[in-house]
1. With the range 130-228 as the region, which helices (runs of 4 or more DSSP H) entirely inside it contain at least 1 residues that are in contact with an Asp or Glu (Cβ under 8 Å, 6 or more places away or on another chain) and of a type in the set (A, V, I, L, M, F, W, C)?
2. Contact list please: Cβ distance under 7 Å, first residue in the range 295-315 and over 19 Å from ASP331 (Cβ atoms), second residue of a type in the set (A, V, I, L, M) and surrounded by fewer than 17 Cβ atoms within 10 Å (Cβ to Cβ), pairs at least six apart or on different chains.
3. Quick one: which residue in GLY176, GLY159 is crowded, with 18+ Cβ neighbours inside 10 Å and in contact with a strand residue (DSSP E or B) (Cβ under 7 Å, 6 or more places away or on another chain)?
4. With respect to SER95, determine if the residue is touching a residue at least 24 places away in the same chain (Cβ under 8 Å), open to solvent by less than 10 Å² (accessible area, probe 1.4 Å) and more than 24 Å from GLY157 (Cα to Cα).
5. Only one of ARG271, ARG220 is on the phi > 0 side of the Ramachandran plot and either free of Cβ contacts under 8 Å to residues at least 60 places away in the same chain or in contact with a Ser or Thr (Cβ under 8 Å, 6 or more places away or on another chain) (or both); which?
6. Give the residue, chosen from SER203, SER197, that is small (Gly, Ala, Ser), modelled with pLDDT of 95 or more and under 24 Å from LYS73 (Cα atoms).
7. Can you name the residue in the range 116-140 that is touching a residue at least 24 places away in the same chain (Cβ under 8 Å) and hydroxyl-bearing (Ser, Thr, Tyr) and is also surrounded by the most Cβ atoms within 10 Å (Cβ to Cβ) among such residues?
8. Would you check if THR233 is farther than 30 Å from GLN2 by Cα and either among the acidic types (Asp, Glu) or modelled with pLDDT of 75 or more (or both)?
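The values are calculated or read from the model by the stated rules, or taken from the named source; none is laboratory data. The shown structure was predicted, so the numbers you read here are calculated from the model rather than taken from an experiment. In this analysis, Cβ positions are derived from the backbone assuming ideal geometry, glycine residues included, and neighbour counts consider all displayed protein chains. Side chains included, ligands, DNA and RNA excluded: accessible areas come from the protein's heavy atoms. Shrake-Rupley method; radii C 1.70, N 1.55, O 1.52, S 1.80 Å.
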Amino acid sequence: MQYPFIEVDIKKIKHNAKVVTDICKKHGVNPVGVTKVSSGSIELAQAMIDGGIDTLGDSKLDNLEKFKDLPAKKMLLRLPAISEAKRLVEFADISLNSELKTIEAISKEAVKLGKTHEIVLMIDVGDLREGIFYENKDTIMETVDHILRLEGVKLVGIGTNLTCYGAIIPSKENVGQLVDIKKEIEEKFNIELELISGGNSSSLCLIQHEELPEGVNQMRLGTSIILGLVEVTWTMIPDTYNDAFKLKAEIVEIQEKPSMPIGEVAMDAFRNVPTFEDKGMMKRAICAIGKQDCDPQFMLPDDENICILGSSSDHLILDITNSDRDYEIGDILSFTLDYVAILRCMTSPYVERVYI
């Protein structure tokens with residue numbers, strides 16, 4: 001076996017997807033399974049489908065292209081670029097948009113390909129990432145009017161994003177703005193919009209607190225399926241797993257060393273000035289992986305008596321002094337990963353994937 005590798009328990013992903021899907025459906029919400037953490041893993045995408053997901057969402061068209069033969073609708077989560085309009089229409093059924101110029105380009109490509117591409121118009125309700133600002137009602141209505149005149153595209157709904165940039169908590173008030181705007185659009189243009197896409201895994205807190213505005217019928221969920229977590233409250237969804245992903249890394253050095261570096265401290269390779277606590281002599285181990293391929297701030301050793309001290313690009317430095325196990329060179333350590341570390345490991349070409 002080649003190390004390091006990330007071990008993905010497909011059964012746990014399928015189970016989490018089913019639990020989350022069942023919760024959402026009870027509240028009239030259709031979950032989009034967000035796969036972007038997996039760097040286009042067909043195995044993970046299929047596990048979500050097997051768990052009840054009928055729409056896959058990703059931020060990369062390259063990943064959606066990999067999913068082209070999977071039996072699910074495909075959604076591009078990141079605002080599309082004009083330069084990729086043709087590929088968007090080829091490999092995505094629906095996308096989140098805010099710019100008319102881009103939607104016009106999508107329209108032209110859809111007409112050429114004889115397709116109808118679905119548009120979710122993004123509304124910014126305060127997080128200040130993508131979308132037309134919710135107070136700019138004239139701009140929203142003008143944009144809707146223009147979309148409705150275009151061929152090859154269909155306005156299916158409106159959506160928003162929260163917590164990813166401004167860390168704004170979803171609430172009955174801010175997500176509720178979408179319900180009001182949808183009603184205004186429908187009344188003004190005498191149409192019926194199919195969906196309100198009410199955010200990502202952080203919006204599950206609205207279901208958790210029984211504050212989901214009536215009419216919100218879609219959420220784009222990644223963390224809640226991958227880790228069984230409700231963002232914002234950071235609580236576990238009952239009967240889900242948070243350990244479907246494990247990093248396995250090999251020990252390449254074990255040495256007794258001081259806990260404090262010796263000499264004048266400067267910036268490290270990542271332009272941080274590290275601080276250290278004097279704990280005397282320490283039994284230290286190094287694993288052959290570093291910040292290029294994982295994120296030590298978002299991972300924990302499965303051996304609870306091991307502490308991550310830090311890392312460089314390719315070396316993970318550990319305190320194994322208090323471990324009950326007598327580790328040797330070549331031994332393998334296992335780490336449970338949080339979302340950021342999963343993203344880094346799954347994206348790295350230097351970390352193998354093993355599905356169980």
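1. In the range 130-228, the matching helices (runs of 4 or more DSSP H) lie at 137-148, 172-189, 204-208.
2. Between residues of the range 295-315 that are over 19 Å from ASP331 (Cβ atoms) and residues that are of a type in the set (A, V, I, L, M) and surrounded by fewer than 17 Cβ atoms within 10 Å (Cβ to Cβ), the close pairs are ASP295/VAL340; PHE298/VAL340; SER312/ALA269; SER313/ALA269.
3. Criteria check complete, one pass: GLY159.
4. no
5. None of the other options fit; the residue is ARG271.
6. Exactly one residue qualifies, and that residue is SER197.
7. TYR134
8. In short, yes.
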